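One structure below.
The values are calculated or read from the model by the stated rules, or taken from the named source; none is laboratory data. None of the values given here were measured: they were computed from a predicted structure. In this analysis, Cβ positions are derived from the backbone assuming ideal geometry, glycine residues included, and neighbour counts consider all displayed protein chains.
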Amino acid sequence: MHCYFVKAGSVLEPVDYHVERIRDGKSFSTRLVRAKQNDDILFTAQASFQHEETSHMEHQTKVRMPEGPDGLLDARTLMSNSLKEAQNDKLTPAQLFMAYKLAEFPPTFHRIFEACPVNQNVYKPDLKGPLHNTTYDMWIKPVLNIGDDKLFHQYMAAYISDSTMVETAIIPHLAQGFIVGMAFSLDHCIWFHRTKFNMNDWMLWEQKSDFAGGSRTHTIARLWNRTGELLMTAVQEGVARAPLKK
C-alpha cells in the first residue's frame with residue numbers, strides 16, 4: 001500500500017473516501033483511494049491485494065531480538081518523567097520535543113496501544129554531544145484484546161506504523177540543539193509479508209532512519225513477532241522543520 005498525505009484536514013468534519021477499482025486479476029487486485037473533505041483531497045493511496053498462494057521459496061532477514069518488554073516503561077510515561085526534570089522551567093531541546101509530542105500526539109493512541117521503547121534513555125532531558133543512534137526500537141501491543149479477525153490485526157499494525165517514524169529521524173538531532181517546529185508524514189508505504197499474525201501479543205517495531213536533509217526525513221521500519229518472524233515492512237518520508245524565525 002502506497003499512501004500520500006496531501007493536505008491536513010479537520011477531525012471535526014467528516015472525511016469521504018472514494019475507492020476506484022483499477023484491476024481485478026486472477027492473483028492481484030488494485031484499488032485507488034482518495035480521501036476528501038469539503039472537496040479538498042487530503043490523502044491518496046494505491047493498494048494491491050493478493051490471493052493467498054503456496055510458497056515455493058522462502059527467506060527473510062534475521063533480527064537481533066532485544067530484551068523486554070517486561071519491566072519497561074511506556075513512551076508517554078518516559079516523556080512525562082523527563083519533563084518533570086526541567087531546571088527552573090527551562091526546557092532542553094529534547095524536552096521541548098517531548099512537550100510537542102505530548103501536545104500534538106493523539107491521546108487516544110495511548111489508550112489504544114502500549115508502546116515501550118527498548119532504549120529507556122531515549123527521552124532523557126540532558127541529551128547532548130555527537131549524533132545519537134538513528135534507530136528507535138519499541139515493543140508494542142493493543143491495550144485491549146482485539147479478537148481473532150486477521151484483518152483487524154492488519155488494520156492495527158498499519159495504524160501504528162505511522163506513529164513514530166519521523167520521530168526516529170528527529171531524536172538523534174536533539175542532542176545537537178535541533179528544535180522541532182513542524183513534523184508530519186509526507187508519504188508512507190506498507191508491505192505485509194504475512195497475513196496471519198497476532199497483535200494481541202507483544203511485537204517488536206524496529207525503526208532506522210537512513211537519511212535526513214532538506215527538511216525531509218526517510219525511515220525504514222520492520223514489524224516482528226517474538227519468535228523472530230518478519231511480518232511487515234514500512235518506509236516513510238516525512239517533514240521536520242525548525243520553528244519559523246520571527
*segment 75-94: number of residues that are modelled with pLDDT of 80 or more, of a type in the set (A, V, I, L, M, F, W, C) and farther than 13 Å from Asn121 by Cβ*: 2
*asked:* Of all residues being part of a loop (DSSP other than H, G, I, E, B) and among the polar types (S, T, N, Q) in segment 125-155, which is modelled with the lowest pLDDT? Just the residue, please.
replied: Asn133
*Which of the residues spanning segment 1-29 are surrounded by 11 or more Cβ atoms within 10 Å (Cβ to Cβ), polar (S, T, N, Q) and under 24 Å from the mean Cα position of the chain (by Cα)?*
none
*Of (1) in contact (Cβ under 8 Å) with a residue 24 or more places away in the chain; (2) assigned by TED's automatic domain parsing to the domain that holds Thr135; (3) farther than 21 Å from Thr164 by Cβ; (4) not polar (S, T, N, Q), Lys7 satisfies all except one. Which?*
(2)
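Restricting the search to segment 1-30, which residues are in a loop (DSSP other than H, G, I, E, B) and of a type outside the set (A, V, I, L, M)? Steps first, please.
First, the residues of segment 1-30 that are in a loop (DSSP other than H, G, I, E, B): 1, 6-15, 25-27.
Scanning segment 1-30 gives Lys7, Gly9, Ser10, Glu13, Pro14, Gly25, Lys26, Ser27.
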_Considering residues of segment 217-246 that are assigned to a strand (DSSP E or B) and over 16 Å from the mean Cα position of the chain (by Cα) only, the residue modelled with the highest pLDDT_ = Leu230
*Is it the case that Glu58 is of a type outside the set (A, V, I, L, M, F, W, C), in contact (Cβ under 8 Å) with a residue 24 or more places away in the chain and over 25 Å from Met165 (Cβ atoms)?*
no
*Of everything in segment 159-183 that's touching a Gly at 6+ places or on another chain (Cβ under 7 Å) and modelled with pLDDT under 90, which residue is farthest from Ile41 (Cα to Cα)?*
Ala175
